[in-house]
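**Student:** I'd like to ask some things about the structure below.
The values are calculated or read from the model by the stated rules, or taken from the named source; none is laboratory data. What you see is a predicted model, and the numbers here were worked out from it, not measured in a lab. Neighbour counts are summed over all protein chains in view; Cβ atoms, including those assigned to glycine, are modelled from backbone coordinates with ideal geometry. What goes into the accessible areas is simple: the full protein's heavy atoms, side chains included, and nothing from ligands, DNA or RNA. Shrake-Rupley method; radii C 1.70, N 1.55, O 1.52, S 1.80 Å.
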Amino acid sequence: MTWFYAFDLFGVAVFAITGALMAGRKSMDLFGVLVIALITALGGGTLRDAILDNHPVSWIRDEWYIVVAVLAALGTIAWVRLTRPIPELGLLVADAFGLAVFTVIGTQVALQQNVPVSAAVIMGVMTGVAGGVIRDIICNEIPLIFHKEVYATACIAGSLVYIVLHSLPSPPGLDVSVAMLAVLLIRLAAIRWHLQLPRFHLLDRERHDD
């Protein structure tokens, strides 16, 4: 098992956990939990591979992606039932780990397809956020990417860090590790200190002009 494959499965497991936790907050049954977990874990990579014409997509050519996602979801159910519910902060932190892993992997996969840097960044962001967006929409939640806290911006930063380090002579794995750490730290900092981008208050400006 290569480190790339191991990281990919780790990201699948982490995002499946966030999907299971969200489904649990919505009091879904076992089937609903598994569906949300699979969508969260595999949605971003599926969309990325479809756009890049990278067929068959990961979970079709390798059943371990589905197996890991299902086991992670079932493990989450067992953990919550045997211990206690995981708080909101736990969901956000788990999501941050998955975001870091999938962003870098998505960027790397795109670069392997020889796409431009701009497209590689977009694919990295898409891999990181698409599954969570679909999860939140199905669960009738405002997607995290649209919250005022820094989210997709962390993906962009991590993707750019990976692209820069990947183009420079560096020890194997350093580019991936540093880029994942960048996404994780930015996202955790945003959660801790409620960091946000400036907002565009069009209606307020129009009222002021009147």
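**Student:** Quick check, is ASP136 under 11 Å from the mean Cα position of the chain (by Cα), open to solvent by less than 10 Å² (accessible area, probe 1.4 Å) and at pLDDT below 95?
**Tutor:** On the way: under 11 Å from the mean Cα position of the chain (by Cα): no; open to solvent by less than 10 Å² (accessible area, probe 1.4 Å): yes; at pLDDT below 95: yes.
No.
**Student:** A further question follows. If you scan region 78-118, which residues turn out to be open to solvent by 20 Å² or more (accessible area, probe 1.4 Å) and of a type in the set (D, E, K, R)?
**Tutor:** ARG81, ARG84, GLU88
**Student:** OK, next. Residue by residue through region 112-139, note down the ones that are in contact with a Lys or Arg (Cβ under 7 Å, 6 or more places away or on another chain), under 16 Å from ALA50 (Cα atoms) and of a type outside the set (S, T, N, Q). Break it down stepwise before answering.
**Tutor:** Pass one, region 112-139, residues in contact with a Lys or Arg (Cβ under 7 Å, 6 or more places away or on another chain): 123, 126-127, 139.
Now narrow it down to the ones that are under 16 Å from ALA50 (Cα atoms): 123, 126-127.
Residues satisfying the conditions are MET123, MET126.
**Student:** Next question. Could you please give the count of residues in region 13-52 that are modelled with pLDDT under 95, β-branched (Val, Ile, Thr) and open to solvent by less than 30 Å² (accessible area, probe 1.4 Å)?
**Tutor:** Here the count works out to 2.
**Student:** Restricting attention to region 98-112, report how many residues are farther than 14 Å from TYR151 by Cβ and either in contact (Cβ under 8 Å) with a residue 24 or more places away in the chain or of a type in the set (Phe, Trp, Tyr) (or both). If you could, list the steps in order and put the result at the bottom.
**Tutor:** The initial filter retains those residues of region 98-112 that are farther than 14 Å from TYR151 by Cβ, namely 101, 104-112.
With either in contact (Cβ under 8 Å) with a residue 24 or more places away in the chain or of a type in the set (Phe, Trp, Tyr) (or both) added as a condition, the list becomes 101, 104-111.
Of the residues in region 98-112, 9 are farther than 14 Å from TYR151 by Cβ and either in contact (Cβ under 8 Å) with a residue 24 or more places away in the chain or of a type in the set (Phe, Trp, Tyr) (or both).
**Student:** Please list, ordered by first then second residue, the pairs with beta carbon atoms under 9 Å, 6 or more apart or interchain, first in region 74-93 and within 21 Å of LEU188 (Cβ to Cβ) and in contact (Cβ under 8 Å) with a residue 40 or more places away in the chain, second open to solvent by 50 Å² or more (accessible area, probe 1.4 Å) and assigned to a helix (DSSP H, G or I).
**Tutor:** THR76/ILE17; ILE86/ILE17; ILE86/TRP79; LEU91/ILE17; LEU91/ARG25; LEU92/LEU188; VAL93/LEU188
**Student:** Across region 48-87, what is the number of residues that are in contact with a Ser or Thr (Cβ under 8 Å, 6 or more places away or on another chain) and either hydroxyl-bearing (Ser, Thr, Tyr) or part of a helix (DSSP H, G or I) (or both)?
**Tutor:** 5
**Student:** Where residues in region 26-45 are touching a residue at least 60 places away in the same chain (Cβ under 8 Å) and assigned to a helix (DSSP H, G or I), which of them is nearest to ALA110 (Cα to Cα)? Before you say what the answer is, go through the steps one by one.
**Tutor:** Just the residues of region 26-45 that are touching a residue at least 60 places away in the same chain (Cβ under 8 Å), to begin with: 26, 36, 39-45.
Imposing the further condition that a residue be assigned to a helix (DSSP H, G or I) reduces the set to 36, 39-45.
Working: ILE36: 26, ILE39: 21, THR40: 20, ALA41: 18, LEU42: 16, GLY43: 16, GLY44: 13, GLY45: 11 Å.
Looking at residues that are touching a residue at least 60 places away in the same chain (Cβ under 8 Å) and assigned to a helix (DSSP H, G or I), I get GLY45.
**Student:** Which condition breaks for TYR65 when tested against (1) among the hydroxyl-bearing types (Ser, Thr, Tyr); (2) over 21 Å from PHE4 (Cα atoms); (3) open to solvent by less than 60 Å² (accessible area, probe 1.4 Å)?
**Tutor:** Checking TYR65 against (1) among the hydroxyl-bearing types (Ser, Thr, Tyr); (2) over 21 Å from PHE4 (Cα atoms); (3) open to solvent by less than 60 Å² (accessible area, probe 1.4 Å), the one that fails is (2).
**Student:** Regarding PHE146, is this residue in contact with a helix residue (DSSP H, G or I) (Cβ under 9 Å, 6 or more places away or on another chain) and of a type in the set (Phe, Trp, Tyr)?
**Tutor:** Working: in contact with a helix residue (DSSP H, G or I) (Cβ under 9 Å, 6 or more places away or on another chain): yes; of a type in the set (Phe, Trp, Tyr): yes.
When the stated conditions are applied, PHE146 passes them.
**Student:** Between residues in region 185-201 that are under 13 Å from LEU89 (Cα atoms) and residues that are hydroxyl-bearing (Ser, Thr, Tyr), which pairs lie under 8 Å by C-beta distance while being six or more apart or on different chains?
**Tutor:** ARG187/TYR151; ALA190/TYR151
**Student:** Let me ask something additional. Say we look at region 162-181 and pick out the residues that are open to solvent by less than 60 Å² (accessible area, probe 1.4 Å) and either assigned to a loop (DSSP other than H, G, I, E, B) or touching a residue at least 60 places away in the same chain (Cβ under 8 Å) (or both); which of these is farthest from GLU88 (Cα to Cα)?
**Tutor:** SER170
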